[in-house]
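Working notes, structure below.
The values are calculated or read from the model by the stated rules, or taken from the named source; none is laboratory data. Remember, it's a predicted structure, so these values are computed and weren't measured experimentally. Cβ sites come from the backbone with ideal geometry, for glycine too, and all protein chains shown count toward neighbours.
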């Protein structure tokens, strides 16, 4: 049984560009949450989706957006990239929308230059 | 919103000794407290969790204690081994419904052989 898969694994972008990160949850999981982990810090909550609807949003600017598809996979989009957006972006899936039973993907390492 | 503080930020112990990591949380409504282990370059992995109706939980060499009144919880690792070396994150969540998980800042544990 596949775990949470994220793509791409690494990405280098230039300031001002746009990026799309993708996540496929564990089969049967209906909730996807996105986290940003800056080097040396704990993951920070960005979004949570359950049954294709946004259920929670963290303290991130409107440049960050996301969506969940009918197959429960998800995309995180970041516009107008800043150097400070450089981080590991983690996707976590769970069966329900609660914080219990999170399984994280391996993340996408985004570097903005 | 919830705020989770974690200390120490770094911890070095001799192999076979015990390690203790402490966390405090601010929101008395939080009722689910997971601990994650993150090895270098890898995803955070859940190692143990505790719910607010329980004061202590143990799984082999790992135990977690919770003091709801004081709003703090701790991770105890006994008989440490070199493979325990990693960054450990505590976290807090309201557990039910669509609730984000708030992470601490992490403790880098080094077990010296």
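Among the residues of the range B:25-36, is there at least one that is surrounded by fewer than 21 Cβ atoms within 10 Å (Cβ to Cβ) and under 11 Å from the mean Cα position of the chain (by Cα)? Spell out how you get there, then give the answer.
We begin by selecting, within the range B:25-36, every residue surrounded by fewer than 21 Cβ atoms within 10 Å (Cβ to Cβ); these are B:26-29, B:31-32.
Applying the additional criterion that residues be under 11 Å from the mean Cα position of the chain (by Cα) yields none.
Checked against the condition, which is being surrounded by fewer than 21 Cβ atoms within 10 Å (Cβ to Cβ) and under 11 Å from the mean Cα position of the chain (by Cα), the range B:25-36 yields no hits at all.
Take residue B:50 and decide whether it is touching a helix residue (DSSP H, G or I) at 6+ places or on another chain (Cβ under 8 Å) and crowded, with 17+ Cβ neighbours inside 10 Å. The answer is no for residue B:50.
Is one or more of the residues making up the range A:50-60 out of contact with any helix residue (DSSP H, G or I) (no Cβ under 9 Å at 6 or more places or on another chain) and at pLDDT 95 or above?
Initial filter on the range A:50-60 (out of contact with any helix residue (DSSP H, G or I) (no Cβ under 9 Å at 6 or more places or on another chain)): A:50-60.
Remaining after also requiring at pLDDT 95 or above: A:60.
Looking through the range A:50-60, at least one residue is out of contact with any helix residue (DSSP H, G or I) (no Cβ under 9 Å at 6 or more places or on another chain) and at pLDDT 95 or above.
Just a yes or no: is a residue in the range A:69-77 at pLDDT 95 or above, surrounded by fewer than 16 Cβ atoms within 10 Å (Cβ to Cβ) and touching a helix residue (DSSP H, G or I) at 6+ places or on another chain (Cβ under 9 Å)? No, there is no match, as no residue in the range A:69-77 is at pLDDT 95 or above, surrounded by fewer than 16 Cβ atoms within 10 Å (Cβ to Cβ) and touching a helix residue (DSSP H, G or I) at 6+ places or on another chain (Cβ under 9 Å).
Can you give me the ranges of the strands (runs of 3 or more DSSP E) entirely in the range A:22-108 with at least 1 residues that are under 13 Å from the mean Cα position of the chain (by Cα) and more than 23 Å from residue B:93 (Cβ to Cβ)? Show your work before the answer.
On the way: elements: A:31-37, A:44-50, A:53-57, A:64-68, A:74-78, A:87-94.
Passing ranges, in order: A:64-68, A:74-78.
In the range B:88-108 there is no residue matching the filter, namely being touching a helix residue (DSSP H, G or I) at 6+ places or on another chain (Cβ under 9 Å), surrounded by fewer than 21 Cβ atoms within 10 Å (Cβ to Cβ) and over 27 Å from residue A:32 (Cβ atoms). The range B:13-113 holds strands (runs of 3 or more DSSP E) entirely within its bounds, and those carrying 1 or more residues that are touching a residue at least 24 places away in the same chain (Cβ under 8 Å) and within 11 Å of another protein chain (Cβ to nearest Cβ) map to B:19-25, B:32-38, B:45-51, B:86-93, B:101-103, B:107-112. Considering the range A:40-65, and only residues there that are exposed (fewer than 14 other Cβ atoms within 10 Å of the Cβ) and closer than 19 Å to residue A:79 by Cα, the residue that is nearest to the other protein chains (Cβ to nearest Cβ) turns out to be A:59.
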